[in-house]
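The values are calculated or read from the model by the stated rules, or taken from the named source; none is laboratory data. Every value quoted in this text rests on a predicted model; they were computed, and no experiment measured them. Every residue, glycine among them, receives a Cβ derived from its backbone with ideal geometry; neighbour counts consider all protein chains shown.
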Amino acid sequence: KVSFNQKPDRKNIMHIYDSDIYASPSENTKVGRQVLAENPDHPGSLGVAISEAMEEALENEEVKYSLGSVLNHVMLHQTVIGQELKTQLEIAEEEPDVMIACAGGGSNLAGSLFPFIKDKIEGNSDTQFIAVEPSACPTLTEGTYDYDFGDSNGFTPMLKMFTLGHDFVAPSVHAGGLRYHGMSPIVSLLTKEGYIEPRSAHQKDCFEAGITFARNQGIVPAPETTHAIKVTIDEALKCKETGEEKTIVMNFSGHGMLDLKGYASYFEGTMQNAK
């Protein structure tokens, strides 16, 4: 629901393609009605939205639902990004010292970093890998490594992952794609084994970094992407202080032209860090 209200232009695009869209939790499913009965002001979460979508698929033979983002097969499918990135770096004759991506369910991070993490596992690389998540939804930095459901109602199989609990509801930050209670099992294991270093960042600091990026690069980043940008700037400033030269690679996961309401709240001074 919070993303539904924060990003009205996404609804308009869906309407152009003759689609209907409902805020989750909705009155259209038993799960949604139950959530709203317990809390009429529930802001929604990815876990609740997944439960509603799965209920729709389970009760309607014409509806199919493909689980995405968090599950391992999606992580591997996304690695086409990292394979292309490897070729780009070879052309540039660069070896990455630090690689950074934001993390919600894990797919953009896995897609860009996994081909390089493979090299490190095989002993052919000493690259540092950093996953950045919101301080308001600190799955990797503060969650527990345990079996949990991927959705709020328990429709999915239980997954061994870092989790804040499938009933966790993150504050209403603008990075809706990072407001997820769990994390990809493979990303979770690689974090537990020390291959991925998790960090968290506050919303206002991330938007400030995103504005800096836009003013220098001419591209407005999505709120999710600003988390990676924030830590990328941090790492670059460390090099500036020490005089160390490093090749820092960041995955730019999306533009923010449909998220201008978030930037407006930053400039108006109404944005909160939420934690």
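Here are some notes:
- Among the residues making up region 96-133, those that are touching a Lys or Arg at 6+ places or on another chain (Cβ under 8 Å), acidic (D, E) and surrounded by fewer than 24 Cβ atoms within 10 Å (Cβ to Cβ) are D97, D126.
- Every residue from region 81-118 that is in contact (Cβ under 8 Å) with a residue 60 or more places away in the chain and farther than 25 Å from G182 by Cα: L85, L89, E94, E95, P96, D97
- Set S253, S265: member being part of a helix (DSSP H, G or I) and either over 26 Å from I117 (Cα atoms) or in contact (Cβ under 8 Å) with a residue 40 or more places away in the chain (or both): S265
- Considering region 186-198, the residues that are assigned to a helix (DSSP H, G or I) and aliphatic (A, V, I, L, M) include one that is nearest to P221 (Cα to Cα), namely V187.
- Within region 256-271, no residue satisfies the criterion of being touching a Phe, Trp or Tyr at 6+ places or on another chain (Cβ under 6 Å) and surrounded by fewer than 17 Cβ atoms within 10 Å (Cβ to Cβ).
- Taking the criterion of being closer than 23 Å to G106 by Cβ and in a helix (DSSP H, G or I), the residues of region 199-215 that qualify are Q203, D205, C206, F207, A209, G210, F213.
- Subset of region 1-40 [part of a loop (DSSP other than H, G, I, E, B) and surrounded by fewer than 12 Cβ atoms within 10 Å (Cβ to Cβ)]: Y17, D18, S19, D20, E27, N39, P40
- Restricting K7, K30, K86 to those that are closer than 30 Å to I229 by Cβ and outside the structural domain of N124 (by TED's automatic domain parsing) reduces the list to K7.
- For the condition closer than 15 Å to M54 by Cβ, of a type in the set (A, V, I, L, M), touching a strand residue (DSSP E or B) at 6+ places or on another chain (Cβ under 8 Å) and at pLDDT 90 or above, L178 does not qualify.
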